[in-house]
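Structure first, then comments.
The values are calculated or read from the model by the stated rules, or taken from the named source; none is laboratory data. This structure is a prediction, so every number in the text was calculated from the model and none was measured. Positions of Cβ are backbone-derived with ideal geometry, glycine not excepted, and every protein chain shown enters the neighbour counts. Just so you know, the surface numbers come from the protein's heavy atoms only, side chains and all, with ligands and any DNA or RNA stripped out. Shrake-Rupley method; radii C 1.70, N 1.55, O 1.52, S 1.80 Å.
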Amino acid sequence: MCGFVAVYNRNRVPVNADMIHAMTNTVIHRGPDDEGIRIDEHVGLGFRRLSILDIKNGAQPLGNANQDICVVFNGEIYNYRELREWLIGKGHIFQTDCDTEVLLRLYEETGEDCPTYLRGMFGFVIWDKKRDVLFAARDQFGIKPVYYSETSNGFMFASEIKSLLASGKIDREVDGQSFYHYLTFQYVPEPATMFMSISKLKAGHTLTIKDGSLTTKPYYEARFLTEDTRSYSDLVEETRFVLEDSVRLHRNSDVSRGAFLSGGIDSSSLVGMLQRLEPTRTFSVGFDVPGYSELELARKTAKYLGTEHFEIAVDAHTYLEALPNMIWHMDEPVADPSAAGIYFVSQLASKYVKVVFSGEGADEFFGGYNIYREPHSLRMFEHMPIGMRKFAGVLSNMMPSGMKGKSFLDRGSRPLEERFYGNAKIFSEDEKRKILNIPNSEYLNFKPARDITVPLYGSANFYDDVTKMQHIDIHTWLRGNILMKADKMSMAHSLELRVPFVDTKVFQFAATIPTKYKVSSDTTKMLLREAMKDVVPPDVHSRKKLGFPVPIRVWLKNEWYDWARGLIHETDSSIPWINKSYVLQMLDDHRTGKYDASRKLWTLLVFMLWHQMYISQIHPIPSISSHSHRQLVSV
């Protein structure tokens, strides 16, 4: 796992080596082991390395024999040995045993089709000097990030936004539309970012700069196949086989490995399969508030599986003290409180291992979220006349916020496309109008949240409602929230996080599972649970999904109340378009128990703190170590 930067200047404008170094050094946490820089007239590449494979020979930027093709690559290619043998058969000669050289040779052999051959997690940039082309790609599901920006001279790329900002060439301006979407999704949906002039390369896409122009195109699309005639027992067997194969492949590394362990089926399954292949260290995190910790459950699972187990408990003060560091590493505001869990457990794991397994993606692929049971619970509304369904919506609007039954009537009165925007829906369109302190006329410039999901629903017309929800989450929530926080919070501690569930072969199989074997009215991930029956402890097999509970609801009423109130007051001048009085009232209503506003408050507070740090630049950011080995290559 590493971090890279790339600069392409138009009109042969030379790239400044000091700028590349500044951009690269900003992400030293992604690669503390080594630095490499290549300047080739109007193109510059920079790299920070976390050594995982072929530690002695895997330095980057890596060029071919003629030095006319060069790559910087962040990630892991799990089928690189298989590709290496195929490329040797094609006549390619290898100088290293690292997956980076396989990527380089694969590009020489297949050109811009190379991502279609890859099984892994990756973001990379290839400089093809012969063709004067810069080529970039991001993995199929968006495990690894690639950001880019157009400047007055050309284009810049990086593994993290902070590298682009370190160039000094990019304005720190909030994208109003992105903020508007953030209030709904709790993150900014790709390809936008919270910065006006910075974009994300979409998952499963490539990018090409030729003749000074940038184009992107998809090379992979996650599609479900809803018709399958295999028996349940055959599907159980195949689930076990495909997951064991993925875990085996994800073990590729020349350094120590471990795994995160909670009390649920996903991480327990990974640990169970991994423990059968090698002795495994496991790591867990919890909070010191009753009802908000899975440490005891994880401890029991670790004992059952026989792992060497480590754990950490976090209190309100420790969480709040680390929050600015977390937000700095995240680059953009991502208002998922559970990001702290990954941050702290990564901090713990990094003391013992360099690579860790985690269970992200199982819910999206195998139907694990409790909200996927909603179509079952709302089935009664399908048989109601349209007029009666509309009346249920009217009745819901008349009920006060937080009243029992209000949400049920609201959801039942509307079709899926109008109520499900992915796993998080923080503020409604009406609520956003109350938060934003701007003239009504300006709302006409903002596109509603549905603009993100309508095209996705359009490509899922023939799916049932549960599969539609999975489709939406895979294209929004998984890449914008789940994988984003996993990458940034683990790399904050120079820890490589691997997600064996998020694998093309795993999805290829999971996409064929009939909905009746994924979700029922009383359980989720039915097939996965059955397949892992002999791998996990008996109590884990049937345990309902808990999510990752974080006690922000409790802390905002007590330990964090004064901090939150002070932060809201501080943002009055720097973010004048947020209705401060409305947010303060929300905080007081939450404290008195009028209703639970914790997720709404957290979404705003995270943005405010991020704005102080990245836009106003009035909040201190972590210092960056200058102790690094630097290698400069000029060609």
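Any residue in region 137-146 that is more than 17 Å from the chain's Cα centre (by Cα) and of a type outside the set (Lys, Arg)?
Kept after step one, since they are more than 17 Å from the chain's Cα centre (by Cα), are these residues of region 137-146: none.
No: zero hits.
Quick one: which of PRO324, PRO279 is open to solvent by 10 Å² or more (accessible area, probe 1.4 Å) and farther than 30 Å from ARG119 by Cα?
None of the other options fit; the residue is PRO324.
Considering only region 546-558, how many residues are part of a loop (DSSP other than H, G, I, E, B), surrounded by 17 or more Cβ atoms within 10 Å (Cβ to Cβ) and either out of contact with any helix residue (DSSP H, G or I) (no Cβ under 8 Å at 6 or more places or on another chain) or at pLDDT 85 or above (or both)? Let's see the steps before the verdict.
First, pick out the residues of region 546-558 that are part of a loop (DSSP other than H, G, I, E, B): 546-551, 558.
Now narrow it down to the ones that are surrounded by 17 or more Cβ atoms within 10 Å (Cβ to Cβ): 548-551.
Restricting the remaining residues to those that are either out of contact with any helix residue (DSSP H, G or I) (no Cβ under 8 Å at 6 or more places or on another chain) or at pLDDT 85 or above (or both) gives 549-551.
Adding up the residues that qualify gives 3.
Select from region 239-268 the residues that are assigned to a helix (DSSP H, G or I), touching a Phe, Trp or Tyr at 6+ places or on another chain (Cβ under 6 Å) and not polar (S, T, N, Q) and list them in ascending order.
Answer for region 239-268, where residues must be assigned to a helix (DSSP H, G or I), touching a Phe, Trp or Tyr at 6+ places or on another chain (Cβ under 6 Å) and not polar (S, T, N, Q): VAL242, LEU249.
Does region 427-448 include one or more residues that are part of a helix (DSSP H, G or I), within 18 Å of SER178 (Cβ to Cβ) and under 21 Å from the mean Cα position of the chain (by Cα)? Give the derivation first.
We begin by selecting, within region 427-448, every residue part of a helix (DSSP H, G or I); these are 429-435, 440-445.
The next check asks that each one be within 18 Å of SER178 (Cβ to Cβ); those that pass are 429, 431-433, 435, 442-445.
From what's left, under 21 Å from the mean Cα position of the chain (by Cα): none.
Within region 427-448 (the criterion being part of a helix (DSSP H, G or I), within 18 Å of SER178 (Cβ to Cβ) and under 21 Å from the mean Cα position of the chain (by Cα)), the answer is no, since none of the residues qualifies.
Where the second residue is among the polar types (S, T, N, Q) and assigned to a strand (DSSP E or B) and the first is over 14 Å from SER149 (Cα atoms) and in contact (Cβ under 8 Å) with a residue 24 or more places away in the chain and lies in region 202-217, which pairs have Cβ atoms under 8 Å and are six or more apart or on separate chains?
Final answer for the pair search is HIS205/THR216; THR206/THR216.
Would you mind stating whether ILE452 is surrounded by fewer than 22 Cβ atoms within 10 Å (Cβ to Cβ), in contact (Cβ under 8 Å) with a residue 24 or more places away in the chain and out of contact with any helix residue (DSSP H, G or I) (no Cβ under 8 Å at 6 or more places or on another chain)?
no
Only one of GLY291, GLY272 is touching a residue at least 12 places away in the same chain (Cβ under 8 Å), open to solvent by 20 Å² or more (accessible area, probe 1.4 Å) and either closer than 19 Å to GLU530 by Cβ or out of contact with any Ser or Thr (no Cβ under 8 Å at 6 or more places or on another chain) (or both). Can you tell me which? Outline the logic, then answer.
Values: GLY272 fails: open to solvent by 20 Å² or more (accessible area, probe 1.4 Å).
It is GLY291.
Testing PHE195 on (1) more than 26 Å from SER358 (Cβ to Cβ); (2) in contact with a Pro (Cβ under 6 Å, 6 or more places away or on another chain); (3) open to solvent by less than 20 Å² (accessible area, probe 1.4 Å), one condition comes back false. Which one is that?
Of (1) more than 26 Å from SER358 (Cβ to Cβ); (2) in contact with a Pro (Cβ under 6 Å, 6 or more places away or on another chain); (3) open to solvent by less than 20 Å² (accessible area, probe 1.4 Å), only one is false for PHE195: (2).
(1) modelled with pLDDT under 95; (2) surrounded by fewer than 21 Cβ atoms within 10 Å (Cβ to Cβ); (3) touching a helix residue (DSSP H, G or I) at 6+ places or on another chain (Cβ under 9 Å); (4) on the phi < 0 side of the Ramachandran plot: which one isn't true of ARG10, the others all being true?
That leaves (3) as the condition not met.
Out of THR229, THR215, I need the residue that is within 25 Å of ILE474 (Cα to Cα), open to solvent by 10 Å² or more (accessible area, probe 1.4 Å) and touching a strand residue (DSSP E or B) at 6+ places or on another chain (Cβ under 6 Å). Which one?
It is THR215.
When ASP234 is evaluated against the numbered criteria (1) buried (at least 21 other Cβ atoms within 10 Å of the Cβ); (2) over 30 Å from ARG12 (Cα atoms), which criterion, by number, is the only one it fails?
The failed condition is (1).
For region 464-476, what are the residues that are out of contact with any Pro (no Cβ under 7 Å at 6 or more places or on another chain) and open to solvent by 20 Å² or more (accessible area, probe 1.4 Å)? Write out each step before concluding.
Within region 464-476, the first condition is being out of contact with any Pro (no Cβ under 7 Å at 6 or more places or on another chain), and the residues that meet it are 464, 467-475.
Once the filter is applied, which keeps residues that are out of contact with any Pro (no Cβ under 7 Å at 6 or more places or on another chain) and open to solvent by 20 Å² or more (accessible area, probe 1.4 Å), region 464-476 yields ASP464, LYS468, HIS475.
Look through LEU601, LEU605, LEU584 and report the one residue that is under 30 Å from GLY168 (Cβ atoms), in contact with a helix residue (DSSP H, G or I) (Cβ under 9 Å, 6 or more places away or on another chain) and either in contact (Cβ under 8 Å) with a residue 12 or more places away in the chain or charged (D, E, K, R) (or both).
Answer to the check: LEU605.
Those residues that are within 18 Å of ILE474 (Cβ to Cβ) and either touching an Asp or Glu at 6+ places or on another chain (Cβ under 7 Å) or of a type in the set (Gly, Ala, Ser) (or both), I need them from region 188-210; list them, please.
Listed by number, the residues that qualify are VAL188, LYS200, LYS202, ALA203, GLY204.
One line per residue, one yes/no per condition, for (1) over 30 Å from ARG172 (Cα atoms); (2) buried (at least 20 other Cβ atoms within 10 Å of the Cβ):
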{"position": "LYS518", "(1), (2)": "yes, yes"}
{"position": "GLU570", "(1), (2)": "no, no"}
{"position": "LYS580", "(1), (2)": "no, no"}
{"position": "ASP589", "(1), (2)": "yes, no"}
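On the basis of being surrounded by 21 or more Cβ atoms within 10 Å (Cβ to Cβ), of a type in the set (A, V, I, L, M) and without any contact (Cβ under 8 Å) to a residue 60 or more places away in the chain, does LEU118 make the cut?
Working: surrounded by 21 or more Cβ atoms within 10 Å (Cβ to Cβ): yes; of a type in the set (A, V, I, L, M): yes; without any contact (Cβ under 8 Å) to a residue 60 or more places away in the chain: yes.
Here the answer is yes, as LEU118 does meet what is asked.
The conditions are (1) in contact with an Asp or Glu (Cβ under 7 Å, 6 or more places away or on another chain); (2) open to solvent by 50 Å² or more (accessible area, probe 1.4 Å); (3) acidic (Asp, Glu), and ASP33 fails exactly one of them. Which is it?
Here ASP33 clears every test but (1).
Between a first residue in region 473-489 that is among the β-branched types (Val, Ile, Thr) and a second residue that is open to solvent by 10 Å² or more (accessible area, probe 1.4 Å) and assigned to a helix (DSSP H, G or I), which pairs have beta carbons less than 9 Å apart while being 6 or more apart in sequence or on different chains?
Pairs found: THR476/ILE452; THR476/LEU456; ILE482/ASP363.
In region 100-152, what count of residues is obtained for those that are in a helix (DSSP H, G or I) and charged (D, E, K, R)?
6
Kindly list, by first and then second residue, each pair from a residue in region 402-424 that is modelled with pLDDT of 70 or more to a residue that is open to solvent by 50 Å² or more (accessible area, probe 1.4 Å) and among the hydrophobic types (A, V, I, L, M, F, W, C), limited to pairs with Cβ atoms under 8 Å and residues at least 6 apart or on different chains.
These pairs meet every condition: GLU417/VAL454; PHE420/ILE371; ASN423/ILE371.
Would you point out the residue of region 348-381, among those that are closer than 20 Å to TYR421 by Cα and open to solvent by 30 Å² or more (accessible area, probe 1.4 Å), that is modelled with the lowest pLDDT?
ARG379
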